[in-house]
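The values are calculated or read from the model by the stated rules, or taken from the named source; none is laboratory data. What you see is a predicted model; the values in this text were computed from it and never measured. Ideal geometry is used to build each Cβ from the backbone, glycine not excepted, and the neighbour counts take in all protein chains shown. We work out accessible area using only protein heavy atoms, side chains counted, and drop any ligands, DNA or RNA first. Shrake-Rupley method; radii C 1.70, N 1.55, O 1.52, S 1.80 Å.
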Amino acid sequence: MYSEKFYNFKNFGVLEATIPKDFFKRLQAESVHSPGKNSIIKSGLSGNGIPKHFSLEENWSELEQFVLNLVPAYEGEFEHTNSKRGTLKSTMPFFKLGAAWFNHQKKHEFIPIHVHDGVYSFVVWLDIPYKIEDELSAGEYASCFQFVYTSTLGRPMTQTLPIGKEWVGKILLFPSKLQHLVYPFFTSNGTRVSLSGNIMVNE
């Protein structure tokens, strides 16, 4: 007879939550007119085949309050910042919303692997113009959102999320330096709209 014991090494995951309906409608409304009204954001990812980015302007304060209220739950689970603030009721004194932008992704466009500025980043899906079943029949990773990280052996690992209509209204919160990418979609001529942003240290 012998006994077995396993040790799971610490790592950082992702927090999923749902945007309140009324707030979601306000974000969705701003996203619709953002291409003609809001400022265009250019970054190192800007270029041919990459979705256009438009700054969030009307719902800044409400978004900041909402995403900062998610941070204590993430800290309590993963202790990402190695902070003793994981049980704080409010993160407002320590963090702030540093940037937020709408992504308008067309058919065949993609976002290559990248990381963000700040401590935390997030993405909210506002409109998805296809069925995930149709996309996955077009390609193994079609329309997917994918995280890339290394294992304890230094090997690349992935966590792939098939993003379909059921993700509309969902938000993911994750460490800003967690690499991620967005695959193109193929079965719709519509626009996939998401909202991304970064949470920074409030200095």
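Side notes on the structure shown:
- Region 155-170 - residue that is among the aliphatic types (A, V, I, L, M) and outside any loop (DSSP other than H, G, I, E, B) and, of those, nearest to Q28 (Cα to Cα): V168
- Qualifying residue in region 11-24 (condition: within 17 Å of the chain's Cα centre (by Cα), at pLDDT 90 or above, open to solvent by 70 Å² or more (accessible area, probe 1.4 Å) and acidic (D, E)): yes
- Region 171-203 - residue that is modelled with pLDDT under 95 and either among the acidic types (D, E) or assigned to a loop (DSSP other than H, G, I, E, B) (or both) and, of those, farthest from L161 (Cα to Cα): E203
- Selection status of Q105, among the polar types (S, T, N, Q) and buried (at least 19 other Cβ atoms within 10 Å of the Cβ): yes
- Number of residues in region 173-203 that are under 24 Å from D127 (Cβ atoms), among the aliphatic types (A, V, I, L, M) and touching a Ser or Thr at 6+ places or on another chain (Cβ under 9 Å): the value is 5.
- Number of residues in region 138-167 that are under 18 Å from A17 (Cβ atoms), open to solvent by 30 Å² or more (accessible area, probe 1.4 Å) and in contact with a Leu (Cβ under 7 Å, 6 or more places away or on another chain): the value is 0.
- Pairs where the first residue, in region 21-38, is in contact (Cβ under 8 Å) with a residue 40 or more places away in the chain and more than 16 Å from T191 (Cβ to Cβ) and the second is open to solvent by 10 Å² or more (accessible area, probe 1.4 Å) and in a helix (DSSP H, G or I), C-beta under 8 Å, 6+ apart: F23/E62; F23/F66
- Note on region 63-77: among residues that are over 17 Å from the mean Cα position of the chain (by Cα) and open to solvent by 50 Å² or more (accessible area, probe 1.4 Å), the one that is modelled with the lowest pLDDT is G76.
- Condition check for S43: within 16 Å of N198 (Cα to Cα), among the small types (G, A, S), modelled with pLDDT under 90 and in a loop (DSSP other than H, G, I, E, B): yes
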